[in-house]
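Visitor: Pasting a structure here, questions to come.
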Number of protein chains: 2
Amino acid sequence: MAFMFHRMVVAGVGLIGGSLALSARQHGLAREIIGCGRSQENLRWAQSRGIIDRYFSIPDEIPGGVDLLILGTPVQATVSLAASFLPGLEQGCLISDVGSVKARIVRDMEKLLPHGIAFVGGHPIAGGEQWGVQAAVADLFAGHRCILTPTRKTDGDALEKMGCFWRKVGARVEIMDPQLHDRILGVVSHLPHVLVYALVNTLSRTKIDSVDLKAYCGGGFKDFTRIASSRPEIWRDICLVNRRAIGRSLHDYIKRLERLRRLIRDEKGELLEREFALANEARRQIP
Amino acid sequence: MAFMFHRMVVAGVGLIGGSLALSARQHGLAREIIGCGRSQENLRWAQSRGIIDRYFSIPDEIPGGVDLLILGTPVQATVSLAASFLPGLEQGCLISDVGSVKARIVRDMEKLLPHGIAFVGGHPIAGGEQWGVQAAVADLFAGHRCILTPTRKTDGDALEKMGCFWRKVGARVEIMDPQLHDRILGVVSHLPHVLVYALVNTLSRTKIDSVDLKAYCGGGFKDFTRIASSRPEIWRDICLVNRRAIGRSLHDYIKRLERLRRLIRDEKGELLEREFALANEARRQIP
C-alpha cells in the first residue's frame, strides 16, 4: 500500500489534531503517526486509543524522516513551535496547520522556513465548541470546508498535496487568500464568539434583587450561548492574532447595536420592525 | 364533566394562543373555545383543525357568557384590544394574557378594567422562534415555566384560578412582580434577541470584496442566530414596551463589549482569557 506520507507528526493532539490523526489512519494516508505535546497524560491516552503510534514531548526529539508536520496548537504558539522543530526537520518535509487565523501565521512561517521545507496554511472549519482529544472522531471533517491559504510564495506541489490530503479525509477544499480568510472568519465566527462571551458575562454580573438570572435562561439561551463553552485559551489567541479584523467587525457591530438602542429608546417602531425584518430575511438566506 | 371555564375566547390565534386552545381542550378546561383575530383565513384554518370551535373578527361581536378571555396579540396591542372587548364583557369574566412584557400591560389593564372583571398578567415561557397557529401543539407548555404577575390590586380568586389553569396544561407556575419580570426577561431573553438581530444585519451589510459571507456561516452560526427568525412585529412590540429594561441591559452589554474590544486592541491576553474563562464557568452553571 502506497502511503501519501511516511511519517506524520501531529503537534497538539486535541480535538482537531486527534481527529486528523484518526482520519489519516482510517484513510491510509500516513504510514506512521506520531504525537507531540506538553501533556504526557494526554499523549499516553491518545496512544492507548490508537490515535497515535507513539509520541514525544520535547521538539528537539522529533524523529528523522518526518514528511508531514501538522501544527495543531492555539494560534499564538504555531510559529514559535515550528521554529523549535526546525533543527530536526529534513528537506522535503511539508508543514501545515489547522489554525482559525491565517494571515499572520502564513507571513511568519514564510519568513521562518528555509528553502526545501514548504508550508501550506490550512483551516478545517469543524469541531464547534468541543475540545480535547477525548472528543476526537475520524469523520470530524467529512463534508466540512477546509480552507487552504497559499500565497505567491507557496510551493505548488505542496499545495496540491495538502489539498489531496484534506479531500481524502472528506473535506471540501477551498483556496483563499489568507487576509480574506481572516476578514471573513472575523465576521462569521470570531465576532459571534466575542459577542457571546460578553453576553454571558453581562448576565452573570447583572444583579437584580437577589434573583439568580441563570435559573431563567432556559434552553434557547443555552443553545444560543453554547459557543461560550469553547476553550478560553484558543479564543484568546484567535482574538489576539486576528485583532485587526475582529476589531473592525466589532466596531461595525457596536455601531449597529447602538443604532438599535437608539431606535428602541426613541420608540421608532417602524424602523425597528424594518431592521428585524431585514435580519429575518438575511437569516433565511443562510444555506 | 365540570369545566373550569364555560366559554373561553382566545384573541390572537397564533402559536401561543392556538396551543393554549388545543391544550385547554385536551385537558377539558373549557366547554367552548372561540377564536378572535383579524385574519379570517387563519381562523378558518384553526377551526378546520378543531383548535377553536368557532370564531369572530370584530371585537363588538364577542358573544355573551365569556368567562375567560386570553389576549394573545403582540404586546403593544394587548390593552387597546381589551378595551375594545370591554363593552361586550360580563361581570365575573377573567382576563389574562401571554405577553413577554408585563409591567406596562398590568398597569394599564388595572386602570382600564371596571370592578368585577379581573386581570391576571401571564407569560408562558415557551415557543421559541416559531410562530403561527400552524405550529401550535397541545403540549407546548408542558414542563415550561409560566410566570404570573399579580399586584396588590389583583383579585386573589382570579390569580388562583389562572394558576390552576396553567398547571393543568402542564406549566410550572411562578408568581413574580411585573417589574422584576421585565428586568429579568430584558436580560435573559430580550437582550439576546436584539444582539442577534444586530449580528445578522452586520453580517449581511458587511461587504468583503465580492464574497457572499452567508456561504461561510455554517451550522454553528445558523443555530446561534435562530432567534433572528422570530416574528419582527412581536419583537418590535416587546422592545418598545419593555424599552427601559432593554435599554439598561443593552447599555451594560455594550460597555462589556467595548471592554473586550479594548482588551483585544491592546493585546491584553491574560485579561482576555480571564473574561472568556469567566463566561465559560458562568455558562456551565446554567441549569
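The values are calculated or read from the model by the stated rules, or taken from the named source; none is laboratory data. Just so you know, these numbers come straight off a predicted model, no measurement behind them. Glycine gets a Cβ as well: all are built from the backbone with ideal geometry, and neighbour counts include every protein chain shown.
Visitor: Count, please, the residues in region B:275-287 that happen to be outside any loop (DSSP other than H, G, I, E, B) and within 8 Å of another protein chain (Cβ to nearest Cβ).
Guide: 9
Visitor: Sort out which residues of region B:253-275 are in contact with a Ser or Thr (Cβ under 8 Å, 6 or more places away or on another chain) and free of Cβ contacts under 8 Å to residues at least 40 places away in the same chain, and write them in order of number.
Guide: The answer is B:256, and nothing else.
Visitor: Continuing with the same structure: If I ask for residues that are of a type in the set (Gly, Ala, Ser) and under 21 Å from residue B:135 (Cβ atoms), which ones from region B:31-62 would you list?
Guide: B:35, B:37, B:39, B:46, B:48, B:50 - these are the residues of region B:31-62 that are of a type in the set (Gly, Ala, Ser) and under 21 Å from residue B:135 (Cβ atoms).
Quick grid of which residues meet (1) within 21 Å of residue B:117 (Cβ to Cβ); (2) surrounded by 16 or more Cβ atoms within 10 Å (Cβ to Cβ); (3) more than 14 Å from chain A (Cβ to nearest Cβ):
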position	(1), (2), (3)
B:129	no, yes, no
B:133	no, yes, yes
B:158	yes, yes, yes
B:161	yes, yes, yes
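Visitor: Hey, does region A:13-35 have a residue that's touching a Cys at 6+ places or on another chain (Cβ under 8 Å), buried (at least 24 other Cβ atoms within 10 Å of the Cβ) and either in a loop (DSSP other than H, G, I, E, B) or at pLDDT below 95 (or both)? If you could, list the steps in order and put the result at the bottom.
Guide: Step one: list which residues in region A:13-35 are touching a Cys at 6+ places or on another chain (Cβ under 8 Å), which gives A:13.
So of that shortlist, the ones also buried (at least 24 other Cβ atoms within 10 Å of the Cβ) come out as A:13.
So of that shortlist, the ones also either in a loop (DSSP other than H, G, I, E, B) or at pLDDT below 95 (or both) come out as A:13.
There is at least one residue in region A:13-35 that is touching a Cys at 6+ places or on another chain (Cβ under 8 Å), buried (at least 24 other Cβ atoms within 10 Å of the Cβ) and either in a loop (DSSP other than H, G, I, E, B) or at pLDDT below 95 (or both).
Visitor: When region A:159-208 is examined, which residues are found to be within 16 Å of residue B:203 (Cβ to Cβ), without any contact (Cβ under 8 Å) to a residue 40 or more places away in the chain and among the β-branched types (Val, Ile, Thr)?
Guide: A:184, A:188, A:196
Visitor: If you take just the helices (runs of 4 or more DSSP H) that sit entirely in region A:183-249, which of them hold at least 1 residues that are more than 7 Å from chain B (Cβ to nearest Cβ) and under 19 Å from residue B:255 (Cβ atoms)?
Guide: Where helices (runs of 4 or more DSSP H) fall fully within region A:183-249 and carry at least 1 residues being more than 7 Å from chain B (Cβ to nearest Cβ) and under 19 Å from residue B:255 (Cβ atoms), they are A:191-205.
Visitor: Then there's this: Going residue by residue through region B:201-210, is there one that turns out to be in contact with a strand residue (DSSP E or B) (Cβ under 9 Å, 6 or more places away or on another chain) and either surrounded by fewer than 22 Cβ atoms within 10 Å (Cβ to Cβ) or assigned by TED's automatic domain parsing to the domain that holds residue B:144 (or both)? Break it down into steps so the answer makes sense when it comes.
Guide: Restricting attention to region B:201-210, the residues satisfying the condition of being in contact with a strand residue (DSSP E or B) (Cβ under 9 Å, 6 or more places away or on another chain) are none.
Within region B:201-210, none of the residues are in contact with a strand residue (DSSP E or B) (Cβ under 9 Å, 6 or more places away or on another chain) and either surrounded by fewer than 22 Cβ atoms within 10 Å (Cβ to Cβ) or assigned by TED's automatic domain parsing to the domain that holds residue B:144 (or both).
Visitor: Oh, and also: Let me confirm something: among B:272, B:263, which residue is at pLDDT 95 or above, out of contact with any Cys (no Cβ under 7 Å at 6 or more places or on another chain) and in a helix (DSSP H, G or I)?
Guide: B:263
Visitor: Do we find that residue B:230 is of a type in the set (Gly, Ala, Ser), farther than 15 Å from residue A:205 by Cβ and crowded, with 18+ Cβ neighbours inside 10 Å in this structure?
Guide: Yes.
Visitor: Quick test for you: out of A:44, A:54, A:7, pick the one residue that is on the phi < 0 side of the Ramachandran plot, of a type outside the set (A, V, I, L, M) and crowded, with 17+ Cβ neighbours inside 10 Å.
Guide: One residue alone meets the criteria, A:7.
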